[in-house]
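Each remark here refers to the structure printed beneath this line.
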Amino acid sequence: MQSVPIHVEHLSKTFGSVRAVDDLTFTVRPGTVTGFLGPNGAGKTTTLRMVLGLCRPSSGRAVIGERAYHDHQRPASVVGAALEATGFHPGRTGLAHLLAYAPQTGVSNARCREVLDLVGMGFAADRRVGGYSMGMRQRLGLATALLADPPVIVLDEPANGLDPEGIRWLRGLLRHFAEEGRTVLVSSHVLSEVQSTVDDVVIIARGRLVHASSLRDLAALAAPETYVESPVLPRFAALADERGWRHRPESAGIALAGPTPAEVGAAAYASGVELHQLTPRGVSLEDVFLRLTADQPRPAAGEVA
Ligand SMILES: Nc1ncnc2c1ncn2[C@@H]1O[C@H](COP(=O)(O)OP(=O)(O)O)[C@@H](O)[C@H]1O
Ligand SMILES: [Mg+2]
């Protein structure tokens with residue numbers, strides 16, 4: 001399998017006054033599944049459309065391998081993509097839909113049947129797409145992406161509409177593609193949906209990159225925390241600084257990453273700092289995701305951004 005990375009470089013897209021994608025830079029490595037994550041409206045679909053040459057960047061560029069999508073001689077054989085599963089002609093059968101794509105990708109009729117089997121849709125090949133469920137449409141979209149056996153696969157919210165069994169199946173399939181050396185980029189607005197599928201994560205919010213790393217490094221941010229309330233909170237904060245504990249204000253108290261409640265309690269006792277709450281807390285990956293993508297406070301008028 002050809003090794004073809006995706007490079008997104010200072011990519012921006014403005015629609016009127018909406019900055020949908022704002023100076024986005026990241027790389028998607030071959031041989032991995034990368035989760036492209038962010039809440040609804042974050043700019044995921046717009047970014048993928050620019051990667052796929054369906055929408056012109058306001059500035060910056062997206063490169064697949066060595067060149068932009070349209071500069072490939074046969075783009076469809078380099079990148080297989082499924083964007084939101086809505087663009088099917090309802091009167092066509094699943095097979096007819098793929099056959100309509102086949103001339104573009106230069107594949108045979110037999111290959112169309114083969115990819116339908118590959119996505120578990122052989123049984124519905126001759127049924128009209130109008131009668132397909134959301135999950136069946138997702139699978140048909142995936143079949144379209146796979147037609148030309150491309151080294152790069154880009155899927156926009158492929159888990160939408162799939163049942164838990166379907167999500168597990170998709171996970172296995174994507175993992176298999178990555179193991180073959182393909183570059184797999186999958187968007188989702190729910191981290192937990194792709195958490196056990198992806199190797200790398202690229203997280204955006206309001207069009208901007210907020211985090212890019214391996215899933216393992218993201219998980220390290222989800223270490224357990226200790227929550228503290230105290231009538232002398234500034235003194236407690238000073239104590240935490242003294243000990244080198246990372247902390248941030250939260251509701252009426254302070255959340256600390258690192259020390260256990262016992263360590264915090266002992267330090268407070270030794271310094272005579274009164275505590276009113278000392279609570280251990282698990283932090284899920286989803287919590288980290290929500291924190292990373294939460295609305296940042298906007299600078300007040302007159303303040304320099
Ligand atoms: N064709 C368009 N015209 C105007 N605004 C658009 C268009 N496409 C997307 N947007 C806006 O760009 C922002 C990002 O949208 P989108 O890329 O669809 O986000 P996501 O896929 O992460 O949910 C949203 O504010 C959306 O309303
Ligand atoms: Mg979208």
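Some points to look at:
- Segment 33-68: number of residues that are crowded, with 22+ Cβ neighbours inside 10 Å and more than 17 Å from Thr14 (Cα to Cα): 7
- Segment 1-13 - residue that is assigned to a strand (DSSP E or B) and open to solvent by 50 Å² or more (accessible area, probe 1.4 Å) and, of those, farthest from Arg206 (Cα to Cα): His7
- With respect to the conditions (1) small (Gly, Ala, Ser); (2) open to solvent by 50 Å² or more (accessible area, probe 1.4 Å); (3) modelled with pLDDT of 95 or more, Ala252 lacks only one, and its number is (3).
- Leu173 being surrounded by fewer than 23 Cβ atoms within 10 Å (Cβ to Cβ) and in contact with a Phe, Trp or Tyr (Cβ under 9 Å, 6 or more places away or on another chain): no
- Qualifying residue in segment 40-55 (condition: away from ligand 2 (no atom under 14 Å from the Cβ) and assigned to a loop (DSSP other than H, G, I, E, B)): yes
- From the options Leu155, Leu140, Leu191, residue that is in contact with a Phe, Trp or Tyr (Cβ under 8 Å, 6 or more places away or on another chain), within 16 Å of ligand 2 (Cβ to nearest atom) and open to solvent by less than 60 Å² (accessible area, probe 1.4 Å): Leu191
The values are calculated or read from the model by the stated rules, or taken from the named source; none is laboratory data. Remember, predicted model here, so these are calculated numbers, not experimental data. Positions of Cβ are backbone-derived with ideal geometry, glycine not excepted, and every protein chain shown enters the neighbour counts. To get the accessible areas, we keep the full protein, side chains included, count just its heavy atoms, and leave off ligands, DNA and RNA. Shrake-Rupley method; radii C 1.70, N 1.55, O 1.52, S 1.80 Å.
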